[in-house]
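Derivation of every value follows stated rules applied to the coordinates shown; laboratory data play no part. Bear in mind that the values here come from a model prediction, so they are computed numbers and not experimental data. Heads up, the Cβs are rebuilt from the backbone with ideal geometry, glycines too, and the neighbour counts pull from every protein chain shown.
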Amino acid sequence: MHPAPLVATTRGYPQDRDLAGGYAVENIHHGSIAVVDVAGHLLWSAGDPDVMTFTRSALKPFQALPFVLDDGPARFGFTRAELALLCASHSGEEKHLVGVTAILDKIGVDESQLACGCAAPLYYDAVGLPVPAGRRWRTVHHNCSGKHSGFLAWCRLHGAPTADYVDPAHPLQRAIRATLADCVRMTEDTLPMGIDGCSAPNYAMPLARLAHLYARLAQPGPDPRLGGALGELFDAMTAHPDMVSGDSRTDLAWMQAGGGDWVAKIGADAVQAIGIRSAGIGIAIKVADGAPRALHPATFSVLDQLGLLDATRRAHLDPYRAPPLKNARGIVAGDVHAVFTLDKAEPPA
């Protein structure tokens, strides 16, 4: 199977939009989608639901899982908002910096031990502001500093070295890899490993396996294999979506629309995973060329085609349905919209 056309970008003049044919299609972004149930059965798809996909930041709740399984949040007295930060690609807003600093204080580790590097906060791009020139950024500003503070917390919990904690051979990373392999029902040697943007190991898996992880993350009640740990992560993320994401960010919008029923996590290079508790499903989307502009209309369309958007949710999420393309003068030159129809899978034998 191959990636399918998911999203088109168009170009034309606004007065032509209502004419026969509308705007002319300029680009097509291909990709794949998988929708599965809690048992891992494929329900709906587009493109190749088994395409090997690096999970990027969509993996974060499962990188925090070994710490939660070992009762780490309770041992250190983490709040639910702080637990949400362990799963975050945060925007570097003041509340995020305060939260990460509080975690580091609770585990007795200095900010200098964070191995994520320094980067400008995502806040500026999200709200359409220029990044301040000449400013020096701290490691806590990096969108992955919450995840890394959780990594250090695992090390402190287990008396493991805090140096080189992103090395694949470190006990922390071995624990994450083993737990993940068990969750996705793969052997460790069949999980391709790469270096993520924050220097931590990241893993690829069939897209449907990522969707299955999120179906399990969203399930009500204890997981048969993992107990209540996934429920703790779901509750933290859905109670504090602003800590997982940030102002004007899509994960915040998806989870706000879900009203505590949807858990969402984006990943770099156009990966999106969502778990829907009431529907008992997980959704995973990958745009093949990594274009973020295609990811959000595709996500809106999946939710719409699955019948998950009532009038209130549709109004809340409408900015992502077919966002306009504007030129340097702010003139609308076209749009970005979904062009796929989900295929229903054959029921399992």
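Before moving on, here are some points about what is shown:
- For the chain, the residue among 267, 149, 3 whose Cα projects farthest onto the positive side of the dipole built from Cβ charges is 149.
- Charged side chains reduced to their Cβ positions (Lys and Arg at +1, Asp and Glu at -1) give the chain a dipole of some 360 debye around its Cα centre.
- Across q = 0.13, 0.21 Å⁻¹, segment 201-316 modelled as identical point scatterers on its alpha-carbon atoms has Debye log10 I(q)/I(0) values of -0.47, -1.27, in the order of the q list.
- Using a Förster distance of 45 Å, the FRET efficiency for residue 328-residue 79 (Cβ separation, nearest 0.05): 0.55
- Footprinting exposure proxy for 79, 312, 55 (fewest neighbouring C-beta atoms within 10 Å first): 312, 79, 55
- GNM flexibility winner over the chain from 26, 93, 111 (Cα, springs under 10 Å): 26
- Kirkwood-based Rg to Rh ratio, the chain, C-alpha trace: 0.97
- By the count of other C-beta atoms within 10 Å, a proxy for reagent exposure, 149, 301, 45, 278 are ordered fewest to most as 278, 45, 301, 149.
- Binned Cα-Cα distance frequencies in segment 49-154 - 10 Å width, integer %: 15, 45, 28, 11, 1
- For the residues 311, 115, 236, a GNM of the chain with alpha-carbon springs under 10 Å puts the largest fluctuation on 311.
- Neighbour-count order for 331, 103, 283, fewest beta carbons within 10 angstrom listed first: 331, 103, 283
- Subtracting the Cα-Cα distance of residue 1 and residue 24 from their residue separation scaled by 0.36 nm leaves 5.5 nm.
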